[in-house]
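The values are calculated or read from the model by the stated rules, or taken from the named source; none is laboratory data. All values reported here derive from a predicted model rather than from experimental measurement. Backbone-built Cβ (ideal geometry, glycine too); neighbour counts: all protein chains shown.
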Amino acid sequence: MSQVLQRYLPEQAVVPCQEIIQAYGIHLKIVNERVTRHGDYRILPGGGHQITVNAMGNRYRFLITLIHEFAHLLAFEKYGRAIKPHGREWKHTFQYLMLPFLRPEIFPSSLLPLLARHFKNPKASSSTDTALSLALREFDDRARGMHYVFELPEGSTFRLYNGRIFRKGPRKIKRFQCLELHSGKWYLFQPQAEVEWVSDPFSPRHE
């Protein structure tokens with residue numbers, strides 16, 4: 001397990017994460033990146049614990065995701081399974097677990113102030129924190145050409161991971177209204193949704 005964690009975590013975070021995994025008998029699965037989620041926790045038949053995390057190239061995002069899922073497990077164990085998944089019990093547990101990792105031996109100095117602010121009231125996803133999300137993206141090991149929806153000019157076209165193509169429209173309160181070119185239907189997108197900006201909407205996908 002230690003060798004696996006060393007591939008995905010900052011060096012100084014490996015041992016404390018391994019200790020949590022061993023203490024709770026967690027079955028950790030690292031899978032190919034899923035677009036809809038970075039990680040998840042579920043209880044296995046028989047009462048065991050399974051945490052699944054995307055095999056992302058960003059060590060800092062991987063660590064935040066892993067601790068996020070640890071917090072689900074520990075919050076359910078302490079407060080019972082009737083609590084809200086991202087309610088105050090989970091928030092307090094996430095803060096408690098994350099605090100020992102918020103130091104310069106683990107995170108770059110550019111991220112620490114943003115993390116400190118974020119964890120005053122952690123959200124269900126760090127992607128909804130624009131400043132933190134943009135800062136984390138500087139450490140992503142992924143293909144170029146990806147943008148957040150809020151970065152694109154209004155009227156520009158973009159492609160989703162599944163090939164669907166949209167034209168960005170106006171902002172509606174917190175989200176952007178975007179037109180799917182094939183169907184002519186309008187959809188709402190979160191500002192931090194990651195998409196591929198395309199100059200010619202019907203050009204082949206870049207590999």
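Quick rundown of the values:
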{"read-out": "Considering residues of region 1-12 that are touching a strand residue (DSSP E or B) at 6+ places or on another chain (Cβ under 9 Å) and surrounded by 14 or more Cβ atoms within 10 Å (Cβ to Cβ) only, the residue farthest from Leu73 (Cα to Cα)", "value": "Tyr8"}
{"read-out": "Residues located in region 76-132, provided they are surrounded by fewer than 14 Cβ atoms within 10 Å (Cβ to Cβ), in contact (Cβ under 8 Å) with a residue 60 or more places away in the chain and closer than 20 Å to Ile21 by Cα", "value": "Pro100"}
{"read-out": "Top-ranked residue in region 40-59 [being of a type in the set (A, V, I, L, M) and assigned to a loop (DSSP other than H, G, I, E, B); ranked as surrounded by the fewest Cβ atoms within 10 Å (Cβ to Cβ)]", "value": "Leu44"}
{"read-out": "Top-ranked residue of region 148-172 - restricted to ones that are over 23 Å from the mean Cα position of the chain (by Cα) and in a loop (DSSP other than H, G, I, E, B), ranked as farthest from Trp186 (Cα to Cα)", "value": "Pro153"}
{"read-out": "Residue tally, condition within 26 Å of Asn162 (Cα to Cα) and part of a loop (DSSP other than H, G, I, E, B), over region 13-39", "value": "7"}
{"read-out": "Of residues in region 13-30 being among the aliphatic types (A, V, I, L, M) and within 15 Å of Leu73 (Cβ to Cβ), the one surrounded by the fewest Cβ atoms within 10 Å (Cβ to Cβ)", "value": "Ala23"}
{"read-out": "Residue match in region 8-18 (condition: over 30 Å from Gln192 (Cα atoms), polar (S, T, N, Q), out of contact with any His (no Cβ under 9 Å at 6 or more places or on another chain) and in the same structural domain as Glu105 (by TED's automatic domain parsing))", "value": "yes"}
{"read-out": "So Gln192, is it outside any strand (DSSP E or B) and polar (S, T, N, Q)", "value": "yes"}
{"read-out": "Residues of region 5-25 satisfying the condition of being touching an Asp or Glu at 6+ places or on another chain (Cβ under 9 Å) and without any contact (Cβ under 8 Å) to a residue 60 or more places away in the chain", "value": "Glu11, Tyr24"}
{"read-out": "Residue, nearest to Pro16 (Cα to Cα), within region 152-161, restricted to residues that are surrounded by 12 or more Cβ atoms within 10 Å (Cβ to Cβ) and out of contact with any Pro (no Cβ under 9 Å at 6 or more places or on another chain)", "value": "Tyr161"}
{"read-out": "Meets criteria (in a helix (DSSP H, G or I) and exposed (fewer than 14 other Cβ atoms within 10 Å of the Cβ)) for Ala135", "value": "no"}
{"read-out": "Residue match in region 69-86 (condition: part of a loop (DSSP other than H, G, I, E, B), touching a Gly at 6+ places or on another chain (Cβ under 7 Å) and charged (D, E, K, R))", "value": "no"}
{"read-out": "Residue check for Ser127: over 15 Å from the mean Cα position of the chain (by Cα) and either at pLDDT 90 or above or assigned by TED's automatic domain parsing to the domain that holds Leu74 (or both)", "value": "no"}
